[in-house]
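All remarks here apply to the structure that follows.
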Amino acid sequence: MLTAAYKSATLSPTAGPNVVRSSLKQTPIAEHLFTWPTDQPQLIGSRCSDCGVVTFPSQGSCPKCTSQSVTEALLPRRGTLWTFTTQEFLPKTPPYAGTESAEDFTPYGVGYVELPDHVMVESRLTESDPHRLRIGMPMELVIEPFRSDAAGDEVMSFAFRPVEAR
Amino acid sequence: MDVAIIGIGIHPFGRFDGMSGLDLGEVAARRALSDAGLAWSDMEFAFGGSIDGGYADSLVSRLGLTGIPFTNVSNGCATGGSALAMAVNRIQANESDLGLVVGFDKHPRGAFAADPASLGLPQWYGETGMMLTTQFFAMKIQRYMHTYGISESSLTKVAAKAFRNGAMNPNSWRQKPVSEEEIAGSRLLNHPLTQYMLCSPNEGAAAVVLCRADQAARYTQRPVIVNGVALRTRLFGSFEVMAPSLPLEQAASPTAQAATACFEAAGIGPEDVDVAQLQDGEVGAEIMHMAENGLCADGDQEAMIQAGETEITGRLPINTDGGLIANGEPIGASALRQVHELVLQLRGDAGARQVPGEPRVGYAQVYGAPGTGCCTVLSR
Ligand SMILES: [Zn+2]
């Protein structure tokens, strides 16, 4: 189970490094989803060698031209928010694998982030207040713990966070 | 060859403890037969569908073992529409003259839970809490509101209309009007959608009896013609439910494609529609589907809704029976409920919610995961 302190350390919506590190062992939620370990993580997609279309996650064929000639493509770390919503209730398990209960569930943001010249990616957002999200705002990729597994290790997943005006 | 609907039947939508999905389906099938003045033994074929309620073709053990071809149809939210399309095709192909289509369902309580693998999606997509249909609908209307200037007030008005119309429909789940204040103030589920703006899975059944239109006069004085039925799936670039990524280029939705094909087959245009039933899994879907079906231009909805044009007394009444919001969504039955309501409206039998002016053309549309649209044009 996640403790309250653990959660608040991972849900910093707008600041901090690109990767939330801890002393625990950190394992990606899936292989071949994002580059790991690194301080400049990138999502892994695929690009069609015939028509250039990029898909995420990577797949063995092109949904546009049906070609099976595809290569791996590392996606840009930054993009803009194309649309968003918030998840205000605990999703059903399965498939949801978060370990919160209905009582300690904290809403999270979900959106599509447009990665220029590549693809739009659906992602959890670190910001869950709809009034602090707006279509067109710049976003960047972060890798953060999603839950802890049976062994107590951290399962890492991706999210996008608003880029602060600097 | 034209195909006519000569009988309709429905089991009310809601929650019915102690009744199985097949029990509900049997009630709807018998009511449709009785409405047509026919017996099960007169049927030459049947199509039926249910997602959680059991195999439709097992109804033969109750209705009678007459040996006819009875085909189960499973096509998500478009199950009922697909079954209807197949029945129409069968009659048009001269394989049969007369048959029944039935759809029913009985879903567990709460939002639909989905298995990522069964939809060809990676496990992490479901694990991280992104595989919820309501998120998609919220994100689609969020973008649409931003692009076309649709207000939150219009979302609220669409929900209030659904509950008001549902209260006039003895077969609907929600029997009480809900005020706009209550709708706007109800629990936020997926911004901008609140609890009363979304439909829930439930239970119910609907059925129709169809025949060759040139034989319809044998059975009824008030046949309703199926002028067109069309089903379409995703194109590259359409924004669909449960998509871990979207291409940068955009394409017409399955609904828009199906609508175009359906109107073309019918030789009837969207401007001729007198009453429409659209997939309103949530209020935003009704608004966006108005344009996707060609019933208005993108952005026109705001003025139309604010002026009450989609009310029963308006220029283009939509979801006169309360739609999915007031009826809930037993998937297998949902599209046939729309057809049931349109037939009542075209016959002039819709009672308190009858559209004035003797409507002639009715239109129905369903949409579902993973990106399927099915449209039907009916006329009298
Ligand atoms: Zn390609």
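Taking each DSSP H run with n ≥ 4 as -39500 (n - 2.57) and averaging over every residue of chain B yields -10000 deg cm²/dmol at 222 nm. The mean of 1/r over all pairs of different alpha-carbon atoms in the protein assembly as shown, once inverted, gives a Kirkwood hydrodynamic radius of 24.4 Å.
For a Förster distance of 45 Å, can you work out the FRET efficiency between the beta-carbons of A:Ser67 and A:Met137, rounded to the nearest 0.05? Don't skip to the answer; put the middle values down first.
Values: r = 35 Å, r/R0 = 0.77.
The calculated FRET efficiency here is 0.85.
Each principal axis of the Cα atoms in the stretch B:1-78 has its own extent, and those three values, largest first, are 38, 26, 23 angstrom. Loop-located GluC sites (Glu not before Pro) in the stretch B:229-276 (DSSP state not H, G, I, E or B) with no more than 14 neighbouring Cβ atoms inside 10 Å: B:Glu249.
Using the Karplus relation 6.51 cos²θ - 1.76 cosθ + 1.60 with θ = phi - 60°, the per-residue 3J(HN,Hα) values for the stretch A:72-86 come to 5, 9, 7, 8, x, 7, 10, x, 10, 6, 8, 6, 7, 8, 10 Hz, with x marking Gly and Pro. Using Cα-Cα distances under 8 Å and only pairs 6 or more residues apart, what relative contact order does chain B have, in percent? About 26 percent, as a whole number.
In terms of its C-alpha gyration tensor, the stretch A:77-166 has a prolate overall shape, because the principal axis ratio a/c (a ≥ b ≥ c, square roots of the eigenvalues) is not below 1.5 and a/b outweighs b/c.
With a simple spin-label model that places each label point 7 Å from the Cα along the Cα-to-Cβ direction, the separation between B:Ala265 and B:Asp57 comes to 2.3 nm.
At R0 = 56 Å, how high is the FRET efficiency between A:Ser49 and B:Gln195 if r is their beta carbon distance? Nearest 0.05 is fine.
Approximately 0.75, to the nearest 0.05.
For the stretch B:242-256, a drop of 50 Å² or more in accessible area on going from the chain alone to the assembled protein chains (1.4 Å probe) is found at B:Pro244, B:Ser245, B:Leu246, B:Leu248.
Compute the Cα gyration tensor for the stretch A:1-157, then decide on rounded, prolate or oblate, letting a ≥ b ≥ c be the square roots of its eigenvalues: rounded whenever a/c is under 1.5, prolate when a/b is larger than b/c in the other cases, and oblate in all that remain. Don't jump to the answer; show the numbers that get you there.
On the way: a/c = 1.84, a/b = 1.51, b/c = 1.22.
In terms of gyration-tensor shape, prolate.
Between the C-alpha center of the stretch B:1-56 and that of the stretch B:280-341 there is a gap of 24 Å. Output the pairs from A:Lys92/B:Lys106; B:Lys140/B:Lys161; A:Lys64/A:Lys92; A:Lys92/B:Lys140 with a Cα-Cα distance over 29 Å in this structure; if there are none, say none. Table pairs above 29 Å Cα-Cα are A:Lys64/A:Lys92. Considering Cα pairs under 8 angstrom that are at least six residues apart, work out the relative contact order of the stretch A:29-71 and quote it in whole percent. Relative contact order of the stretch A:29-71: 30 percent. How would the stretch B:161-206 be classified by its alpha-carbon gyration tensor: rounded, prolate or oblate, with rounded meaning a/c under 1.5 and the a/b versus b/c comparison settling the rest? Judged from the Cα gyration tensor, the stretch B:161-206 comes out oblate (a/c at least 1.5, b/c at or above a/b). Per-residue shielding of A:79-85, expressed as the average number of other chain Cβ atoms within 10 Å of the residue Cβ, stands at 6. Counting charges near B:Phe239 (Lys, Arg +1; Asp, Glu -1) among other residues having Cβ under 13 Å from its Cβ returns a value of -2.
Assuming R0 = 60 Å, can you tell me the calculated FRET efficiency for the pair B:Ser151 and A:Lys25, based on Cβ-Cβ distance, to the nearest 0.05? Provide the component values of the computation, followed by the final result.
Details: r = 49 Å, r/R0 = 0.82.
Using R0 = 60 Å, I get an efficiency of 0.75.
Note: chain B, Cα convex hull, 129 Å³ per residue. For chain A, a Gaussian network of Cα nodes joined below 10 Å ranks A:Leu141, A:Leu24, A:Leu33 by mean-square fluctuation, and the top entry is A:Leu24. When restricted to Cα atoms, the stretch B:266-380 yields an Rg and a Dmax of 13.0, 38 Å, respectively.
Tally Lys/Arg at +1 and Asp/Glu at -1 over every other residue whose Cβ is under 12 Å from the Cβ of A:Arg47; what's the total? Before the final figure, lay out each step's value.
Values: positive: A:Lys64; negative: A:Asp50, A:Glu72, A:Asp117.
With Lys, Arg at +1 and Asp, Glu at -1, the neighbours total -2.
The label point for B:Asp214 and the one for B:Leu65, both projected 7 Å from the Cα toward the Cβ, are 3.7 nm apart. The packing ranking, built from the mean of other Cβ atoms within 10 Å per residue, places the peptides B:194-203, B:72-81 in the order B:72-81, B:194-203, highest first.
So what is the relative contact order of the stretch B:103-181, in percent, for Cα pairs below 8 Å that sit 6 or more residues apart? Present the calculation step by step, with values, prior to reporting the outcome.
On the way: 40 pairs, mean separation 11.8, N = 79.
Dividing the mean separation by the residue count of the stretch B:103-181 yields 15 percent.
Taking only Cα atoms and a 10 Å spring cutoff, compute GNM fluctuations for chain B and point out the largest among B:Gly332, B:Gly99, B:Gly129. Of B:Gly332, B:Gly99, B:Gly129, the Gaussian network model singles out B:Gly129 as fluctuating most.
Per residue of A:47-58, other chain Cβ atoms within 10 Å of the residue Cβ number 2 on average. Other residues within the sphere of radius under 11 Å centred on the Cβ of B:Val273, judged by their own Cβ, net out at -1 (K and R +1, D and E -1).
How long are the semi-axes of the ellipsoid equivalent to the stretch B:85-211, from square roots of 5 times the Cα gyration tensor eigenvalues, in whole Å, largest first?
Numbers: eigenvalues 207, 113, 51 Å².
Calculated on Cα positions only, the semi-axes equal 32, 24, 16 Å.
Among the trypsin sites (Lys or Arg not before Pro) within the stretch B:74-116, those in coil by DSSP and having at most 14 neighbouring Cβ atoms inside 10 Å are B:Arg109.
How crowded by other chains is A:131-138, given as the mean number of beta carbons from other chains within 10 Å of each beta carbon?
Neighbouring Cβ atoms belonging to other protein chains average 1 per residue here.
Regarding the stretch B:55-154, what is the average projected area of its C-alpha convex hull, in nm²? Its Cα hull, projected and averaged over all orientations, spans 11.1 nm².
Projecting the Cα atoms of B:Gln135, B:Ala46, A:Ser61 onto the charge dipole of the protein assembly as shown (Cβ charges, centred on the Cα centre) puts B:Ala46 farthest toward the positive pole.
Sparsely packed loop sites in the stretch B:1-78 (the trypsin sites (Lys or Arg not before Pro) outside DSSP H, G, I, E and B with at most 16 other Cβ atoms within 10 Å) comprise B:Arg15.
The values are calculated or read from the model by the stated rules, or taken from the named source; none is laboratory data. Just so it is clear, the model here is predicted, and its values are computed rather than measured. Here Cβ is always computed from backbone atoms with ideal geometry, including for glycine, and neighbour counts include all displayed protein chains. With ligands, DNA and RNA removed, areas are computed over all heavy atoms of the protein, side chains included. Shrake-Rupley method; radii C 1.70, N 1.55, O 1.52, S 1.80 Å.
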